[in-house]
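Following: one structure in structure tokens, then a few remarks.
The values are calculated or read from the model by the stated rules, or taken from the named source; none is laboratory data. Worth saying up front: this structure is predicted, and the values here are computed from it rather than measured. Ideal geometry is used to build each Cβ from the backbone, glycine not excepted, and the neighbour counts take in all protein chains shown. Heads up: the accessible areas ignore ligands, DNA and RNA and are worked out on the full protein's heavy atoms, side chains in. Shrake-Rupley method; radii C 1.70, N 1.55, O 1.52, S 1.80 Å.
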Amino acid sequence: MRRAGGTAVPLWHGDASLHGVDAVVLPGGFSYGDYLRCGAIARFAPVMTELIPAARAGLPVLGICNGFQILCEAHLLPGALTRNEGRRFLNRVVQISIETVDTAWTSEYSAGQQITVVLKSGEGRYVADQRTLAGLTASGQVLARYAGPNPNGSAVGIAGVRNAVGNVAGLMPHPEHAIDALTGPSADGLGFFASALHAVAAG
Amino acid sequence: MSATRQDTVADAAATPDRPQPYAELGLTGEEYDRVIGLLGRRPTDAELAIYSVMWSEHCSYKSSRRHLRQFAEKAPRTDVLLAGMGQNAGVVDIGQGFAVTFKIESHNHPSYVEPFQGAATGVGGIVRDILAMGARPVAVLDALRFGAADAPDTGRVLPGVVAGISFYGNCLGLPNIGGELAFDPCYAGNPLVNALCVGVLRHADLKLAAATGPGNKVVLFGSRTGPDGIGGASVLASASFGGSGEGAKRPSVQVGDPFMEKLLVECCLELYAAGLVVGIQDLGAAGVACATTELAAGGGTGMRVSLDAVPLRDASLGPAEILMSESQERMMAVVEPGGLRRFMQICAKWDVQATVIGEVTGTGRLEMSWHGARVVDIPPASAADDGPVYDRPASRPPGQDRLAADDPAALPRPGGGAELRAALLQLVSSADAADKTWVTEQYDSYVRGDTVLASPHDAGLLRIDEATNLGVALATDGNGRFCQLDPYAGTQLALAEAYRNVAATGARPLAVTNCLNFGSPEDPAVMWQFTEAVRGLADGCLALGTPVTGGNVSFYNQTGGSPIYPTPVVGVLGVHADVRSRLPSASGVAGASLLLLGTTRLELGGSLWAHIAHGHLGGRPPAVDLAAEQALAGLLAAAAAGRLLLAAHDLSDGGLAVALAEYCAVGQVGCRVELPGDPFTLLFSESAARALVAVRPASEGAFAAACAAAGVPATVLGSTGGTALRVSGLFEIEVAELTAARLATLPALFG
């Protein structure tokens with residue numbers, strides 16, 4: 001966010017306040033250790049009691065990796081994330097194609113644009129029932145797909161999804177590790193954060 | 001030692017002849033008598049527990065201590081060391097007010113018994129060592145050695161170890177930026193799992209393990225104490241496997257909780273920043289026993305502890321068990337009474353349980369009570385510093401000359417192009433030289449966002465300061481085959497390789513840590529190997545100007561009477577003035593000149609070729625030339641800073657053959673090279689002090705001048721480009737074929 005020109009404000013899990021921020025990124029990690037299903041406990045964190053209604057009211061929210069898992073557990077996004085097909089943690093540079101640019105987080109990209117990012121997760125396999133999957137595709141709610149071989153067995157190669165409105169998005173790979181070629185595989189990920197700043201400025 | 005029976009100091013005085021299980025706890029009769037002499041009475045059960053763990057090989061270094069002194073005696077003159085040997089980890093000044101602390105430690109025995117938890121808690125332990133110095137842990141590396149890659153037990157141990165490191169390190173949010181993976185049947189019953197952690201601090205934040213200021217409170221915080229690994233590391237690591245009747249010495253390995261460790265890290269860093277910590281110690285092997293004695297001994301003070309106050313996960317534990325428990329994710333701090341309230345508030349914020357269990361006294365005694373009675377009353381230094389020190393007999397094994405005489409020069413060598421091609425493919429598809437992605441893909445190398453280089457590059461490179469691009473590079477290396485042939489030279493070769501790997505990124509090597517993995521010190525042949533290795537490392541560090549800042553000794557790596565090859569693993573840390581000028585190990589750019597730096601001799605002793613092609617180990621390891629290593633390192637640093645190179649790759653296992661294959665596979669670029677001399681020697685010899693470099697187009701002249709100025713021989717081999725590795729007049733291999741051969745091996749073995 002800082003690299004994209006925004007001001008980052010840390011939010012504390014135990015503090016039921018969003019402190020007036022304009023957008024929220026739920027980062028990756030291992031919330032509460034994730035010894036239970038990933039994100040299953042974090043969804044009940046005090047800060048989520050403010051975040052869930054705010055997201056329903058239009059606040060731009062991006063969940064990355066564990067953040068994506070939390071958004072699914074919180075039912076802000078459809079589907080769920082389960083153990084990788086290979087049953088091992090996977091840290092791999094992947095290409096994803098941005099499927100929809102009609103969101104608060106992807107407006108800086110062009111539809112179908114392929115970007116290079118890092119995928120690093122043990123439970124990154126996106127699953128949903130057939131009707132949901134069909135609905136996601138039909139309504140343009142697939143945010144991104146893996147462009148190369150499917151790395152973790154995700155349903156129809158889904159790397160990220162968005163809600164119907166487009167303010168809430170979840171992405172399994174990590175755009176924040178692709179903001180500088182010095183420390184990542186590309187700088188392609190900056191677009192997510194630049195998009196949100198645009199959305200906030202326009203909103 | 002049950003909870004119901006209290007053996008008090010008064011009991012001990014009243015019943016001097018009561019038999020005690022000192023032998024079961026690993027103390028010899030002489031050591032037990034020494035305890036009685038120190039105390040003037042028999043120890044209580046709780047005291048016996050303290051002495052048994054503190055005087056174990058693992059904690060006391062009793063067989064190695066007199067040899068390790070050389071690291072201090074021969075230390076090169078340096079002004080970069082802020083804290084050296086003896087502290088939890090050495091601290092090195094890297095300039096601009098920053099310091100780094102780094103250390104490598106073994107978790108070999110637990111990782112064989114229970115690979116997943118053994119390796120996981122190995123990461124946790126070394127991270128707490130770094131945390132205890134006042135530093136924020138920022139990365140880990142793992143040096144792993146297993147039995148033959150295709151042995152069934154390796155299929156049990158390796159996946160578990162890798163998954164354990166992945167589980168713990170990833171959850172903790174520490175990037176894994178490098179390390180090693182090697183195989184040899186000698187490690188079949190004794191895998192080596194060595195974990196290195198590096199941390200960053202400002203000079204002013206350095207913490208030392210000392211309990212000072214009588215009246216200050218002693219706080220135990222983190223996880224509750226349970227019956228984990230009682231006698232685990234300390235007793236387990238001090239007795240070799242095999243033989244009968246040792247079942248009682250194989251207690252359960254500790255279980256790790258990486259999320260608690262993450263909370264503990266953040267909690268400690270906030271406590272440090274608030275200035276609330278007078279002294280701090282992590283709880284590792286020997287738990288509360290070690291932390292209390294070392295803090296009290298370090299401060300030259302006394303300490304009064306109520307063992308009843310220790311929060312327990314199992315209420316049936318008695319004092320000796322509480323003292324010996326190796327429950328993970330615990331720290332002990334000394335806190336001024338005025339700061340205690342704030343200390344507790346910060347712990348509560350991080351959901352870290354914290355309990356005052358005692359206070360610092362001026363008595364010079366470590367006193368502990370349990371259910372109202374005194375169960376420990378000892379001078380703390382007697383357990384922490386005055387343990388037995390052995391001058392174990394060491395003698396050069398009689399087979400050593402025969403081994404040296406078995407010269408691999410007599411082995412049949414590949415002749416024409418087709419045979420050389422096949423030999424190269426055989427090496428690069430061996431588990432030792434194959435692509436390690438199957439392992440490294442399970443580790444998060446990106447987290448924290450400051451990783452500039454990680455596997456498969458020669459060294460890990462981290463950015464330390466975003467404003468100035470200051471960074472540090474780290475590499476670990478060891479070569480058991482070289483050390484088996486000659487432990488003195490082999491250890492120097494390990495040091496030279498790690499030094500060269502760090503230099504290959506363009507960093508300036510600064511300091512050394514080591515993990516000395518050996519068989520039983522009670523075997524004079526092993527002891528000879530050990531003394532030679534220590535002497536070699538101390539002499540090598542003096543010559544290279546890189547002080548040893550700390551490390552770890554792991555003895556008893558043997559099954560029955562068969563020790564592992566002597567395997568000192570050396571970690572080298574370097575400073576990078578500007579990480580933007582880092583050199584990767586390969587570049588995809590076509591049209592760059594490829595040069596071989598250094599001198600190649602016919603040196604096949606202990607080589608990967610002799611090992612893979614012939615299963616042969618004999619002769620002499622490659623010659624050590626530390627002056628040449630220094631010249632090469634200086635050249636690489638200057639060339640990186642001057643932006644003359646695209647890439648640099650150290651030559652080690654498998655020589656130029658493996659280095660060229662790795663260059664092509666990592667860079668996904670072909671090359672055409674001409675070998676000026678005997679192709680076999682040039683391809684497969686493992687002469688030290690060499691590197692393969694790709695020169696930035698238009699910088700050829702400047703780089704040639706730099707080589708000449710540094711006195712480093714440089715041979716133009718050819719240039720990059722095309723889709724194949726082409727060796728003129730001999731053979732060619734498509735990069736796709738090389739890549740596939742390297743990639744296929746580990747997945748075929750481990751799924």
For the range B:726-740, how many residues meet the condition of being over 13 Å from B:Thr437 (Cα atoms) and open to solvent by less than 60 Å² (accessible area, probe 1.4 Å)? 8
Which of (1) within 14 Å of chain B (Cβ to nearest Cβ); (2) open to solvent by less than 10 Å² (accessible area, probe 1.4 Å) does A:Leu136 not meet, given it meets every other one? (1)
3 or more residues touching a Leu at 6+ places or on another chain (Cβ under 9 Å) and farther than 30 Å from B:Ser699 by Cα: qualifying strands (runs of 3 or more DSSP E) within the range B:530-638: B:548-554, B:567-576
Go through the range A:159-178 and give me each residue that's away from chain B (no Cβ under 14 Å), within 16 Å of A:Ala196 (Cβ to Cβ) and in a loop (DSSP other than H, G, I, E, B). A:Asn163, A:Val165, A:Gly166, A:Asn167
Residues in the range B:278-291: is at least one over 15 Å from B:Ala211 (Cα atoms), at pLDDT 95 or above and buried (at least 24 other Cβ atoms within 10 Å of the Cβ)? no
Filter the range B:458-468 for residues that are among the charged types (D, E, K, R) and more than 10 Å from chain A (Cβ to nearest Cβ); which is nearest to B:Ile177 (Cα to Cα)? B:Asp458
What number goes with the only condition from (1) surrounded by fewer than 24 Cβ atoms within 10 Å (Cβ to Cβ); (2) within 14 Å of chain B (Cβ to nearest Cβ); (3) touching a Gly at 6+ places or on another chain (Cβ under 6 Å) that A:Ala181 does not pass? (3)
Per the filter on the range B:172-219, residues open to solvent by 20 Å² or more (accessible area, probe 1.4 Å) and within 14 Å of another protein chain (Cβ to nearest Cβ) are none
Pair list, Cβ < 8 Å and 6+ apart or interchain, from the range B:576-587 residues that are within 19 Å of B:Gly449 (Cβ to Cβ) to residues that are of a type in the set (Lys, Arg) and part of a loop (DSSP other than H, G, I, E, B): B:His576/B:Arg582
If I ask for residues that are away from chain A (no Cβ under 14 Å), open to solvent by 10 Å² or more (accessible area, probe 1.4 Å) and closer than 29 Å to B:Ala209 by Cβ, which ones from the range B:130-166 would you list? B:Arg136
Is it the case that the range B:540-547 has a residue that's open to solvent by 10 Å² or more (accessible area, probe 1.4 Å) and within 30 Å of B:Ala467 (Cβ to Cβ)? yes
Could you please find all residues in the range B:667-696 being in contact with a strand residue (DSSP E or B) (Cβ under 9 Å, 6 or more places away or on another chain), assigned to a loop (DSSP other than H, G, I, E, B) and either open to solvent by less than 10 Å² (accessible area, probe 1.4 Å) or under 25 Å from B:Ala459 (Cβ atoms) (or both)? B:Val669, B:Gly670, B:Ala689, B:Arg690, B:Arg696
Taking the stated definitions as given, is B:Gly199 more than 17 Å from the chain's Cα centre (by Cα) and either closer than 24 Å to A:Ser121 by Cα or in contact (Cβ under 8 Å) with a residue 40 or more places away in the chain (or both)? no
Among the residues of the range B:400-457, what is the count of those that are assigned to a helix (DSSP H, G or I), within 13 Å of chain A (Cβ to nearest Cβ) and open to solvent by 30 Å² or more (accessible area, probe 1.4 Å)? 2
Any chance B:Gly169 is crowded, with 24+ Cβ neighbours inside 10 Å and outside any strand (DSSP E or B): yes
Would you check if A:Ala199 is within 14 Å of chain B (Cβ to nearest Cβ) and out of contact with any strand residue (DSSP E or B) (no Cβ under 9 Å at 6 or more places or on another chain)? no
Mind checking which helices (runs of 4 or more DSSP H) fall wholly inside the range B:20-86 and carry at least 1 residues that are more than 25 Å from the chain's Cα centre (by Cα)? B:29-39, B:45-54
What is the residue count in the range B:279-303 for residues that are of a type in the set (Asp, Glu) and over 21 Å from the mean Cα position of the chain (by Cα)? 1
